[in-house]
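Q: Here you go, one structure.
The values are calculated or read from the model by the stated rules, or taken from the named source; none is laboratory data. Given the structure is predicted, the values throughout are model-derived calculations rather than measurements. Don't worry about glycine lacking a Cβ; one is built from the backbone with ideal geometry, like all the others, and counts go over all protein chains shown. We work out accessible area using only protein heavy atoms, side chains counted, and drop any ligands, DNA or RNA first. Shrake-Rupley method; radii C 1.70, N 1.55, O 1.52, S 1.80 Å.
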Amino acid sequence: MRRRSLLIAVPAGLVTLAACGDDSGSSSDASDSASPQASATSAPPPKIVDGPLPAITAGTKFGEKPTVAKGSGEPSKDLAVKTVVAGGGKAVAENDFIAADYLGQIWQSAKVFDNSYDRKTPLIIQLAQGSIIDGWRYALTGKKTGSRVEFSVPPTWGYGEQGNEQAGIKGDDTLVFVVDVKDTFNARSSARGKKVPQDDAALPKVGTNTDGKAPSIEVPRADAPKKLVAEYVLEGDGAEVGAQDSVLVQYKGVLWDGGKEFDSTYARKQLTSFSLQQVVKGWAQGLTGKKVGSRVLIVIPPDLGYGDNPPEGSGIEKDSTLVFSVDILAKM
C-alpha cells in the first residue's frame, strides 16, 4: 500500500501522514458547477465510433466558446469521438492531469449544463478512474495538446442511471462535450521557468534540471534561518498563486539537519494537488504570490511547519527546519 502525501492538512495548521490509502493527492475542493466528476461506478471500455455528433455552429476555433447544435435523431449507444482541431503538442495519457476548457450540453435538448469558458478558468483534472466520468477518460486519452475534441457520452460512461440532479441531467441523457485540451501533466513534468541566480551561500542550492527527475537539494553547513524563505529557482511566467488557490505540483522535501529526504512526489511517481488552505503555514505563505511554471525553494522554520508535533513515522524530528523544492505546474 502506498502512503498519502504529507501535505494533507489536519486542524491547527499541521499535516499528517496516513499509513496507506489513495495516493492521488487530489484536492477535495468541488466547484458548484457540474464539472465531469466521476460517477459512482465504472463500466467496461466502450466502443469508440466517429459519429453521429451535432455541428459546432459558432466559436469553431480552439479556445473559443463553442455553440453546439441540438442532437439530430438518436445518439450513438457507443462513445462517439471526433477531433475537430488537431493539435501538435504532447499526447495525453491515461492518469495524466489535463488543463482543458470545455462545454457540456444534453443531446436531446441542447441545454448547456456547464462550461469553463465563462469562468475563464480551465478545468484541471486527472484522467483517472474514479476522478472523472469514464467518457472523458476514453475520449481524450491519446489526444494531443492543442486539440479540440467533440464527443458524446451515453449514460453508461457518463453519470449512469442516477444522472446528475444538480445539473439537470437525467439517467437516460446522452451528453455532448466540446473540449479544448490546453496542457497535460504527469510524473515527468517539470517547471519550465527562467533560471534565477542562487547567490546566497547561507541557503540551500536547488537543481535546475527540467527533465522530470527530482532536483538535487544541497543544504549548507550553517545554521537554519529563523524566518520563512521562499525564493525562485526557476521563475515562470504564469499567473500568480493566490492564498485561496489550489495548485498542482511536483515537490521534494528534505531536512535541514543532514539533508535526508522525507517526502517526494518524484519518489511516488504521482503529482499532488491541494488547496493552500490545506497545508502547513510555511507552504501556504511560501507559494502565495509565486507564478505558475516556477520552481520555488521554501525553507520552513518549525513554527510554520510541524513544530514539536511532527507526523508519526515521517522521519521528521521535533522542531525540524524543512527544505522544499516545489514546481508549480498549474493553478486550479
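Q: Show which aspartates and glutamates lie in cross-link reach of Lys194 when reach means a straight Cα distance below 19 angstrom and same-chain residues fewer than eight apart are skipped.
A: Asp211, Glu231, Glu235, Asp237, Glu240, Asp327
Q: Would you mind calculating the relative contact order of the range 37-131 from Cα pairs under 8 angstrom and at least 6 residues apart, reporting the percent as a whole number?
A: That works out to 28 percent.
Q: Do you know the relative contact order of the range 216-332, to the nearest whole percent, from alpha carbon pairs under 8 angstrom that are 6+ apart?
A: 37 percent
Q: Of Val85, Ala110, Ala284, which is farthest towards the positive pole of the chain's charge dipole, taken about the Cα centre with +1 and -1 on the beta-carbons of Lys, Arg and Asp, Glu respectively?
A: Among Val85, Ala110, Ala284, the one farthest towards the positive end of the dipole of the chain is Val85.
Q: Among residues other than Pro310 whose Cβ falls under 10 Å from its Cβ, what is the net charge (Lys/Arg +1, Asp/Glu -1)?
A: -3
Q: Sticking with this structure for a sec: Where a Cα-Cα gap under 14 Å defines reach, which aspartates and glutamates qualify for Lys61, not counting those fewer than 8 residues away within the same chain?
A: Correct list for Lys61: Asp101, Glu150, Asp180.
Q: Mind putting together the pair-distance distribution for the range 129-169? All Cα pairs, 10 Å bins, whole percent per bin, short to long.
A: Result returned by the calculation: 25, 51, 21, 3.
Q: Please work out whether the range 209-314 counts as rounded, prolate or oblate from its C-alpha gyration tensor, where a ≥ b ≥ c are the square roots of the eigenvalues and a/c under 1.5 means rounded, while otherwise a/b larger than b/c means prolate and anything else oblate?
A: Because its axes are fairly even, with a/c under 1.5, the range 209-314 counts as rounded.
Q: Determine the order of Lys281, Lys291 by accessible area, beginning with the largest, at a probe radius of 1.4 Å.
A: Lys281, Lys291
Q: Still on this structure: With Kirkwood's inverse mean 1/r over C-alpha pairs for Rh, give me the Rg to Rh ratio of the range 103-184, two decimals please.
A: 0.94
Q: If you don't mind, another one. Indicate the gyration tensor shape class of the range 257-332 (rounded, prolate or oblate), computed on the Cα atoms with a ≥ b ≥ c the square roots of the eigenvalues: a/c under 1.5 is rounded; otherwise a/b larger than b/c is prolate and the rest oblate.
A: Prolate, since a/c reaches 1.5 and a/b exceeds b/c.
Q: Still on this structure: Measure off 7 Å from each Cα along the Cα-to-Cβ vector at Ala91 and Lys318, then give the distance between these two points in nanometres to one decimal.
A: Each label point lies 7 Å from its Cα, and together they span 5.4 nm.
Q: For the chain, what proportion of DSSP beta bridges, expressed in % and rounded to the nearest 5, is antiparallel?
A: Here the antiparallel bridges make up roughly 95 percent for the chain.
Q: I've got another one for you. List the trypsin sites (Lys or Arg not before Pro) in the range 192-264 that DSSP assigns to loop (not H, G, I, E or B) and whose Cβ has at most 15 other Cβ atoms within 10 Å. Which are they?
A: Sparse-neighbourhood loop trypsin sites (Lys or Arg not before Pro): Arg192, Lys213, Arg221, Lys226, Lys227, Lys260.
Q: Let me ask another. Where both partners of a DSSP beta bridge lie in the range 74-221, what percent of those bridges are antiparallel, to the nearest 5?
A: Taking every DSSP beta bridge within the range 74-221, about 95 percent pair in antiparallel fashion.
Q: Oh, and also: Take the alpha carbon atoms of the range 83-130, find their center, do the same for the range 182-230, and report the distance between the two centers in whole angstrom.
A: Comparing the Cα centres of the range 83-130 and the range 182-230, I get a distance of 32 Å.
Q: Sticking with this one: Per residue, how much accessible area does the chain show when a 1.4 Å probe rolls over the protein heavy atoms, in square angstrom?
A: About 46 Å² of surface per residue is accessible.
Q: Sticking with this structure for a sec: Please list, by residue number, every one of the trypsin sites (Lys or Arg not before Pro) in the range 49-100 that is coil in DSSP and has at most 14 other beta-carbon atoms within 10 Å.
A: When the trypsin sites (Lys or Arg not before Pro) of the range 49-100 are filtered for loop state and at most 14 Cβ neighbours within 10 Å, Lys61, Lys70, Lys77 remain.
Q: Given the convex hull over the Cα atoms of the chain, what projected area results after averaging over all orientations, in nm²?
A: If I average the Cα hull's projected area over directions, I get 16.9 nm².
Q: Let me ask something else about it. Would you mind telling me the share, in percent, of accessible area of the chain contributed by carbon and sulfur at probe 1.4 angstrom?
A: 48 percent
Q: Can you tell me how much longer the chain between Ala187 and Thr60 gets when fully stretched, taken as 0.36 nm per residue apart minus their C-alpha distance, in nm with one decimal?
A: Net length gain for the segment: 42.5 nm.
Q: Still on this model: What FRET efficiency comes out for the pair Ile48/Ala267, r = Cβ-Cβ distance, R0 = 35 Å, nearest 0.05?
A: 0.50
Q: With a sphere of radius 13 Å drawn around the Cβ of Lys170, what net charge do the other residues whose Cβ falls strictly inside it have (Lys, Arg +1; Asp, Glu -1)?
A: For residues surrounding Lys170, the net value is -3.
Q: Apply the Karplus curve 6.51 cos²θ - 1.76 cosθ + 1.60, θ = phi - 60°, to the phi angles in the range 299-314 and return the couplings in whole Hz, x for Gly and Pro.
A: 10, 10, x, x, 6, 10, x, 9, x, 9, 9, x, x, 5, x, 7
Q: While we're looking at this one, here's another question. Run the numbers on the chain and let me know its relative contact order in percent, using alpha-carbon pairs under 8 Å that are six or more apart.
A: It comes to 18 percent, rounded to a whole number.
Q: For the range 270-313, place one equal point scatterer on every Cα, skip the solvent, and apply the Debye formula. What is log10 of I(q)/I(0) at q = 0.34 Å⁻¹?
A: -1.25
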